[in-house]
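Step one of this worksheet: look at the structure below.
The values are calculated or read from the model by the stated rules, or taken from the named source; none is laboratory data. Given the structure is predicted, the values throughout are model-derived calculations rather than measurements. For neighbour counting, all protein chains shown are included, and Cβ atoms are generated from backbone atoms with ideal geometry for every residue, glycine included. Ligands, DNA and RNA are excluded from the accessible area calculation, which covers all protein heavy atoms including side chains. Shrake-Rupley method; radii C 1.70, N 1.55, O 1.52, S 1.80 Å.
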Amino acid sequence: MPDGVRLSARIWWPEGRGPFPAILEYIPYRKRDMVRARDERNHPYFAAHGYVCLRVDMRGSGDSEGHMPDMYSDNELADARHVIEWIAEQDWCSGRVGMFGTSWGGTASLQAAVDAPGPLKAVIANCATADRFEDDIHWTGGALLTDSFEWGATLPAILAAPPDAATVGDGWRDQWEERLRNLSFPLDAWIRHRTRGGYWRHGSVKFSAGRLSCPILSIGGWADRYSNSVMGLVQARPDICWGVVGPWGHHYPDQGEPGPAIGFQDLALEWWDHWLGDEAGNVLSWAHLRLWRREFDPPVDRLSMRNGEWIETAGDEQAGGITLFLAAGGLTGQPPAETQTLEIPNNLRHGECAGDTGYFGRVGGLPLDQSADDGRSLCFDSTPLEEDLDLVGHAELSCDITRDLAEAQLVCRLCEVTPDGHSNLVGRQVRNLSLDGTLDTVSPFTTGKPIRYRIRLPSTAYRFTRGNRIRLALGTSYWPLAWPASRPASIRVLTRGAQLNLPVPPHTAGLSVPFPKARELPVRKSWKSESEGPLQRESAKLADGRVDSSWTLPRATLRFPEENHAISFRTSARYRIDTGDPCGLHCTMDHVIEIRREDGTARIRSSLVSKSGCGGLEFESTLSVHWDREVVAEKVWRYVYPPPLSDTDLSR
């Protein structure tokens with residue numbers, strides 16, 4: 001890099017004489033071991049079809065030098081551009097570069113597409129976010145996600161792992177110890193920035209969509225909240241953006257669960273051949289948006305295959321829809337004759353049926369039958385549908401709300417209910433009522449005064465089945481997915497003018513060309529996978545007013561026999577809430593990485609305990625790093641945050 005920091009790359013070369021177009025993946029996840037199996041599903045396949053492929057560790061991670069202060073720092077964004085320009089200048093490169101990745105790597109690809117450097121001709125962003133505050137791992141609707149704690153414990157452990165002597169050479173230990181001395185703890189910044197201000201807008205391409213300057217293929221899955229960015233990108237820039245959303249979670253589509261999976265490598269190859277080859281001046285014949293339209297599935301924790309079918313659409317703004325009105329009797333086709341004020345129950349157990357957010361790519365964790373949470377909510381049901389109803393886009397609730405406290409949350413869930421009472425989650429949104437519609441600033445508040453809210457649910461493609469009912473359920477907290485307000489607020493909804501708008505597409509069609517089938521890649525694997533068992537979930541248990549739930553991912557290991565190298569992971573989470581005391585929240589995360597190689601064994605353990613008292617949120621995080629039996633580093637971070645009870649606190 002221009003400042004002298006060296007980034008480490010793994011390169012796959014095509015056969016034949018160049019120059020060749022090049023493809024870049026740029027992430028902070030160790031190419032030597034952590035995501036090596038994933039890398040080897042993609043890069044060798046592209047290289048075999050005529051592309052030089054590079055997997056680069058970001059500065060401060062893996063085998064690269066330097067320090068990573070936070071996600072999407074200025075150095076990180078600048079480094080991507082320097083790498084792209086460096087690649088294009090090499091005599092083995094044709095001067096045309098593509099960039100792709102999933103999650104962080106997909107988001108980095110989107111960021112590189114803003115005022116893209118000249119050689120960057122196209123990107124693929126899988127499970128990426130265009131809005132870091134709303135559709136990332138940290139916040140949703142201005143409510144803090146407990147996923148932020150898991151990621152806050154996991155990221156320092158990843159960055160604390162040692163570079164490999166086989167790549168770095170004899171200086172690996174000095175490089176490692178320097179990295180540990182400078183190791184940062186980004187969770188503090190993620191919690192302190194409670195509104196979508198400049199901190200979160202930085203790197204959120206939603207707010208610079210007009211400056212996106214190369215073609216983008218955005219891919220997501222409905223079981224992953226990052227999918228909300230796909231439709232938004234296509235609608236914002238239909239001239240250069242194409243989208244695919246399948247039924248899966250936070251995975252590459254060839255590994256997608258729930259299925260059906262699709263052949264990501266062949267889909268990507270078609271994209272690269274068009275934009276990096278000789279066809280770049282031609283019109284791409286793909287539909288702008290291809291979506292898996294879900295249908296009712298009996299709610300279960302893990303599902304291998306979804307009901308539904310693929311559809312395609314132009315991806316333009318939803319032009320049509322139907323409006324249902326909120327009344328004491330349910331959802332109706334006409335506004336109620338009289339205005340009623342209905343109170344939303346305060347029940348801290350609301351959220352037990354939520355499942356995961358899908359961020360971490362774990363299998364299972366799908367939303368369970370919503371009936372128990374529906375019983376803890378204020379529900380509005382339609383009459384049984386006389387015919388199937390297709391939705392494509394964003395459902396939106398518009399209503400007047402009163403509350404008695406400035407700090408309060410509203411949880412909106414859209415469900416499909418069968419005649420026998422099964423309730424299936426279609427979409428959900430948590431909204432911090434303290435913030436205005438932009439989520440940028442605190443809105444004025446007067447006790448008991450009605451305030452109009454428009455709450456947009458994440459995008460979806462879903463078919464409600466004839467004979468079933470549509471249900472809108474409203475709650476005041478969503479534990480353990482979201483950290484609740486510090487005090488229970490009395491929240492009421494006024495039926496006057498309250499309506500639920502459902503996006504009914506003007507036209508859709510089946511796929512004109514089917515997706516390629518998923519391949520089992522690579523043919524010869526350099527690794528062996530071992531696991532001590534599947535993900536173990538312990539459902540909520542009530543004792544003395546406390547509700548406990550937990551999950552544990554037993555040790556999983558990747559072994560690379562040719563190098564006598566292995567990496568293992570183990571993660572667990574525990575949640576506790578006191579149903580009679582909203583201040584009695586407790587969340588514990590524990591993450592262990594072990595790397596075994598010929599010259600020794602590194603063990604990194606990162607733990608975080610967060611709890612809420614009526615004085616606010618506090619947490620303690622500990623990191624211990626060992627090489628064989630030697631303590632290399634020990635770090636402790638402690639932070640206390642006051643409750644956001646005033647405009648001053650909330651806008652900090």
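Inspect all residues belonging to the range 165-178 and state whether any of them is touching a Leu at 6+ places or on another chain (Cβ under 6 Å) and either of a type outside the set (A, V, I, L, M) or in contact (Cβ under 8 Å) with a residue 24 or more places away in the chain (or both). Looking for residues that are touching a Leu at 6+ places or on another chain (Cβ under 6 Å) and either of a type outside the set (A, V, I, L, M) or in contact (Cβ under 8 Å) with a residue 24 or more places away in the chain (or both), one finds none in the range 165-178, hence no. Assigned to a strand (DSSP E or B), loosely packed, with under 15 Cβ neighbours inside 10 Å and touching a residue at least 24 places away in the same chain (Cβ under 8 Å): does that describe residue 530? It is true that residue 530 is assigned to a strand (DSSP E or B), loosely packed, with under 15 Cβ neighbours inside 10 Å and touching a residue at least 24 places away in the same chain (Cβ under 8 Å). Of the helices (runs of 4 or more DSSP H) lying entirely inside the range 182-296, those containing at least 3 residues that are open to solvent by less than 10 Å² (accessible area, probe 1.4 Å) are 187-192, 228-236, 264-276.
Which fully enclosed strands (runs of 3 or more DSSP E) of the range 1-72 have 1 or more residues being of a type in the set (Asp, Glu)? Result: 20-27, 52-57.
Anything in the range 353-395 that is more than 28 Å from residue 494 (Cβ to Cβ), among the acidic types (Asp, Glu) and buried (at least 21 other Cβ atoms within 10 Å of the Cβ)? List them, or say none. Once the filter is applied, which keeps residues that are more than 28 Å from residue 494 (Cβ to Cβ), among the acidic types (Asp, Glu) and buried (at least 21 other Cβ atoms within 10 Å of the Cβ), the range 353-395 yields only 356. The set of residues in the range 457-486 that are in a loop (DSSP other than H, G, I, E, B), among the small types (Gly, Ala, Ser) and under 23 Å from residue 418 (Cβ atoms) contains only 467.
Within the range 334-373, the set of residues being without any contact (Cβ under 8 Å) to a residue 60 or more places away in the chain, over 23 Å from residue 419 (Cα atoms) and touching a strand residue (DSSP E or B) at 6+ places or on another chain (Cβ under 7 Å) comprises just one member, 334.
Looking only at residues in the range 533-567 that are in contact with a strand residue (DSSP E or B) (Cβ under 7 Å, 6 or more places away or on another chain) and of a type in the set (D, E, K, R), the one that is nearest to residue 584 (Cα to Cα) is 546. Do we have any residue at all in the range 449-466 that's of a type in the set (Gly, Ala, Ser) and at pLDDT below 95? For the range 449-466, residues of a type in the set (Gly, Ala, Ser) and at pLDDT below 95: absent. Which of the residues spanning the range 554-589 are among the hydrophobic types (A, V, I, L, M, F, W, C), in contact with a Leu (Cβ under 7 Å, 6 or more places away or on another chain) and over 21 Å from residue 619 (Cβ atoms)? Within the range 554-589, 566, 567 qualify. Listed by first and then second residue, the pairs with beta-carbon distance under 9 Å, at least 6 apart or on different chains, first residue in the range 91-114 and over 19 Å from residue 136 (Cα atoms) and touching a residue at least 24 places away in the same chain (Cβ under 8 Å), second assigned to a strand (DSSP E or B) and of a type in the set (D, E, K, R), are 96/121; 97/121; 98/121; 99/25. Would you confirm, using the coordinates I've provided, whether residue 398 is surrounded by fewer than 23 Cβ atoms within 10 Å (Cβ to Cβ), modelled with pLDDT of 95 or more, of a type outside the set (Val, Ile, Thr) and farther than 24 Å from residue 308 by Cβ? Criteria met by residue 398. Cβ separations smaller than 8 Å between residues 6+ apart or across chains give the following pairs from the range 200-215 residues that are on the phi > 0 side of the Ramachandran plot to residues that are not in a helix (DSSP H, G or I): 203/71; 203/72; 203/132. Checking each residue in the range 88-110 for being crowded, with 24+ Cβ neighbours inside 10 Å and either closer than 18 Å to residue 212 by Cα or acidic (Asp, Glu) (or both) picks out 97, 98, 99, 100, 101, 105, 106, 107, 108, 109, 110.
Would you say residue 546 is open to solvent by 40 Å² or more (accessible area, probe 1.4 Å), of a type outside the set (Gly, Ala, Ser) and in contact (Cβ under 8 Å) with a residue 24 or more places away in the chain? Judged against the criteria, residue 546 is a match.
Restricting to the range 46-63, name every residue that is of a type in the set (Gly, Ala, Ser) and within 16 Å of residue 34 (Cβ to Cβ).
Listed by number, the residues that qualify are 60, 61, 62.
Exactly one residue among 65, 76, 40, 85 is among the acidic types (Asp, Glu), at pLDDT 95 or above and surrounded by fewer than 16 Cβ atoms within 10 Å (Cβ to Cβ), and that residue is 85.
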